[in-house]
Amino acid sequence: MSVDLIVAFGAIALLAVFVGIAVKGLLSAFSQAHAVSDDVMARAAHVGDTHLPEFIAARMRARRAAKVRAELPDALDMVSNSLTAGLTLPQALMRNLDHFPELVAEEFARIIYDTRLGYSIGGAFDNFARRLPIPDVQMVVIASKIGVAHGGNLAESYRMLSTLLRDNMAFEDELRAMTTEGRMQAIVMSALPMVMIVLLGLVKRDLVSPLFTTLAGWGTLLVLFCMQGVAYLWIRKIVDIKV
């Protein structure tokens, strides 16, 4: 790779950093000047901040929650069978710990551990919901607390929940497959200008060099980054269908 190409990549990276810092500064100044307390402005004012550890932790939590969600239907079926055989809910959880999928087994083991520490079974399930605040877990917690506190056919409730969770995940997978083209379009269209700049730099370097050596070129790159960022977020917003 030539020195000029390395310099070009470095210039693009520095420009991205400067854009982030500039946007943060402008939003912060606007927020202070107008005494804006809206949560959206408060979040936007931190565009230029470095929150890499928090971002990584949030991604790991979301990935774990998705895996637990995928494992819940099979676990609920196992507990439902044990409840049908006449076991209580704590007994059913304990009996199936060695047969649950890995992450669900960890969560249900913590429920049993909480009951041994003095929590009621309802309180232990509340802790489960706090650890994984996703709708699927909340439905399981609500069904469990109602079944334990007020009676009812908890085995049948678990069986119906298992079917519902499987149907929801199948629908989301189908929807994700239908919107794959839109997500790929957002990535390709956002990366295309940068790819063209690199290719032109390799073929006709004299055409690309003004972008990095003149004030007008830097302004063009700034506008390019802003417009590509807006386009990417816009396309992702269109294809990000909430169910």
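General remarks:
- Restricting 152, 118 to residues that are within 18 Å of residue 82 (Cβ to Cβ) and either surrounded by 18 or more Cβ atoms within 10 Å (Cβ to Cβ) or not aromatic (Phe, Trp, Tyr) (or both) narrows the list to 152.
- Selection status of residue 231, loosely packed, with under 11 Cβ neighbours inside 10 Å and assigned to a helix (DSSP H, G or I): no
- Search result, residues across segment 105-119 that are part of a helix (DSSP H, G or I) and more than 23 Å from residue 169 (Cβ to Cβ): 109, 110, 112, 113, 114, 115, 116
- Test: residue in segment 1-10 that is modelled with pLDDT of 50 or more, within 30 Å of residue 194 (Cβ to Cβ), outside the structural domain of residue 205 (by TED's automatic domain parsing) and not in a helix (DSSP H, G or I): yes
- Residue 102, sole failed condition from (1) more than 28 Å from residue 170 (Cα to Cα); (2) in contact (Cβ under 8 Å) with a residue 12 or more places away in the chain; (3) surrounded by fewer than 14 Cβ atoms within 10 Å (Cβ to Cβ): (1)
- Restricting 191, 170, 186, 216 to residues that are among the aliphatic types (A, V, I, L, M) and in the same structural domain as residue 72 (by TED's automatic domain parsing) narrows the list to 170.
- Residues that are farther than 15 Å from residue 70 by Cβ and aromatic (Phe, Trp, Tyr) are absent from segment 88-104 altogether.
- Selected residue [among the small types (Gly, Ala, Ser), closer than 18 Å to residue 121 by Cα and in the same structural domain as residue 154 (by TED's automatic domain parsing)] from 66, 85, 105: 105
- Which numbered condition residue 146 fails, given (1) in contact (Cβ under 8 Å) with a residue 12 or more places away in the chain; (2) surrounded by 13 or more Cβ atoms within 10 Å (Cβ to Cβ); (3) assigned by TED's automatic domain parsing to the domain that holds residue 90: (1)
- Within segment 214-226, not a single residue is within 26 Å of residue 175 (Cβ to Cβ), under 34 Å from the mean Cα position of the chain (by Cα) and of a type in the set (Ser, Thr, Tyr).
- Any hit, segment 67-85, residues being closer than 25 Å to residue 147 by Cα, in a loop (DSSP other than H, G, I, E, B) and more than 12 Å from the chain's Cα centre (by Cα): yes
- Matching option when the condition is assigned to a helix (DSSP H, G or I) and surrounded by fewer than 12 Cβ atoms within 10 Å (Cβ to Cβ), among 175, 165, 224, 199: 199
- Residue 124 passes every criterion in (1) of a type outside the set (Val, Ile, Thr); (2) surrounded by 20 or more Cβ atoms within 10 Å (Cβ to Cβ); (3) closer than 19 Å to residue 165 by Cβ apart from (3).
The values are calculated or read from the model by the stated rules, or taken from the named source; none is laboratory data. Please read these numbers as outputs of a predicted model, since none were measured by experiment. Cβ atoms come from the backbone with ideal geometry, glycine included; neighbour counts cover every protein chain shown.
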